[in-house]
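Structure first, commentary second.
The values are calculated or read from the model by the stated rules, or taken from the named source; none is laboratory data. This structure is a prediction, so every number in the text was calculated from the model and none was measured. Here the Cβ positions follow ideal geometry from the backbone for every residue, glycine too, while neighbour counts run over all protein chains shown. To get the accessible areas, we keep the full protein, side chains included, count just its heavy atoms, and leave off ligands, DNA and RNA. Shrake-Rupley method; radii C 1.70, N 1.55, O 1.52, S 1.80 Å.
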Amino acid sequence: MHELWGAQTLQAFYRRHLLEDLLPFWSKAVDRRYGGMFTCFTNSGDERINTDKYTWSQGRYIWIWSRIARLIGQGVLPGDASAFRREAEQAADFLRRHVYLDNGNCAFLLTEDGRKKESVPGQGLDTSFYADCFVVLGLAELALLNERNDMIEEALALYDRIHARLSGGRIRSEPYPIPEGLKSHSVHMILLNISGQLTETLAHFRHPACQRVRQDCLAYAESVMNEFLMPDQRIAELLPAEPGEAPSTVLCRHVNPGHTLESMWFVIHAAGLLGQSDLAVRTLPVIRRAFELGWDTEHGGLLRFVDRDGGPPAGQRTGDPYETLIMDTWDSKLWWPHSEALYSTLLAYELAGEAEDKAALKELYLKTHEYVFRTFPQPDRRIGEWIQIRDRAGHPLDKVVALPVKDPFHIIRNVLLIIELYANHSETAGGGVR
């Protein structure tokens, strides 16, 4: 394999991929009539299935378009920042007009023109706090772009409502309900992500709530690294809600390598915001362990779920629906863990101080890059983007994961973060990969 390495080389590669392969697909998906983005496409991207708008994806879209506008404004990317800004504002206006329920929470699903809709008939509209989290994420990034005090106040109020729901035990988390009696790493990591975003935005505004949100951010980072990090350097996805030894069930034994990698760069970002360098360094063996457990030595790529000792998920069965998902899909290859692997390994490389760590992380990045770009990008350049869901051998699967959408978030977010990572680096001076 030709070694794609060096700060300028990496930045140029990912800029080209963003501008030529990813944005042409998603720019056509923007709803310029009502606002927001259409995301219900087939996995191959050749056909739009319907015009429903999942709040989860709309909040993510606002974040992506706002960040692109910010990078264009900084000279990191070419393009028309005002167009991305305008479309992000239209999406935010669409959500602000339509998404809120009487209790202040967000509806999980909207129609094309903004009518609230049950995602599962009879289950109600207020089915997932994750939707609210992504609205917070999008509004906070747009507020930072536009200097919108009203928008940051709205994002903060929604963040506080999420906290109230969690502390009161009134939490629904579709599409993956948390099994009874267990606590989930995913809750802590998403709250780490949005509290970090809010901390950055609130600090910019010199907002009086900044300090308490900073404390939240530190608490979530520490909970990930102290509660869910096990002595063998793996992240447990589910643990007993009450203190005690985790039972040897599939639910408590399984590992999600992609979530681990995503969570670790959340921790690194938070550590940078909070001045907690020791916390950041602790992520390095966790990233390496995720690859040790999750990498498919037969076909390449990261497996969706594995056992804590490696290999297929194992343990006692409880009959929980999430357990069924783990057992039925453990060997699939999904787009999002691999995009997280690309960014997390490069970020960790930059963080690492020891030559041995750098060499190991470089090797992990290069083998991930080789697998990703021979497996996921749509070979039909007239369509573009990635075929996001594959079987173990890498063949496309025409199915959905979590929501019935083709979501731009993970790929574009990680591509943008890689471009940012190397925006100010030189291959000949001042740091950066070599």
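See the values below:
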item	result
Normalised contact order of region 150-225, rounded percent, pairs of Cα under 8 Å and 6 or more residues apart	30
Extreme residue, positive dipole direction of region 60-139, given options Pro78, Ile62, Gln123 (C-beta unit charges)	Pro78
Accessible-area ranking of Val267, Val120, Val405, largest first, probe 1.4 Å	Val120, Val405, Val267
Extent along principal axes [Cα atoms of region 97-228; Å; largest to smallest]	43, 38, 20
The chain: C-alpha gyration tensor shape, a/c 1.5 cut-off, then a/b vs b/c	rounded
D_trans [Stokes-Einstein, Kirkwood Rh over alpha-carbon pairs] for region 346-395, 37 °C, 0.692 mPa s, µm² s⁻¹	259
Sites Asp93 and Met230 - FRET efficiency at Förster radius 56 Å, r taken between beta-carbons, to 0.05	0.80
Computed accessible area, Thr324, all protein chains, 1.4 angstrom probe, square angstrom	70
CD proxy at 222 nm, helix term only [per DSSP H run n ≥ 4: -39500 (n - 2.57); per residue of the chain; nearest 500]	-16500 deg cm²/dmol
Of the DSSP H helices in the chain, those whose Cα atoms cover at least 24 Å axially and whose Kyte score averages 1.0 or more	129-146
Whether region 159-294 is rounded, prolate or oblate, judged on the alpha carbon gyration tensor where a/c under 1.5 counts as rounded	oblate
Average accessible surface area per residue within the chain, 1.4 Å rolling probe, Å²	39
Projected-area average for region 316-434 over all orientations - Cα convex hull basis, square nanometres	10.3
Given charges at Cβ of Lys, Arg, Asp, Glu: the chain dipole, positive-most of Ala143, Tyr365, Ala271	Ala143
For region 236-352, convex hull volume per residue from C-alpha positions, Å³	120
Leu284 accessible area, 1.4 Å probe, all protein chains in place, Å² to nearest 10	10
Cross-link pairs beyond the 22 Å C-alpha cut-off, checked among Lys117/Lys183; Lys183/Lys399; Lys28/Lys406; Lys53/Lys333; Lys333/Lys406; Lys367/Lys399	Lys117/Lys183; Lys183/Lys399; Lys53/Lys333; Lys367/Lys399
Cβ crowding within 10 Å averaged over residues, with 259-265, 37-43 ranked highest first	259-265, 37-43
Protection proxy ranking, peptides 52-59, 160-167, 24-31, average beta carbon neighbours within 10 Å, highest first	52-59, 24-31, 160-167
Residue with peak Gaussian network fluctuation, the chain [Cα springs, cutoff 10 Å], from Glu245, Glu20, Glu323	Glu245
Spacing of the two label points (7 Å from each Cα toward its C-beta) at Ile383 and Asp46, in nm	0.6
Burial ranking of peptide ranges 273-283, 409-419 (average Cβ count within 10 Å, highest at the top)	409-419, 273-283
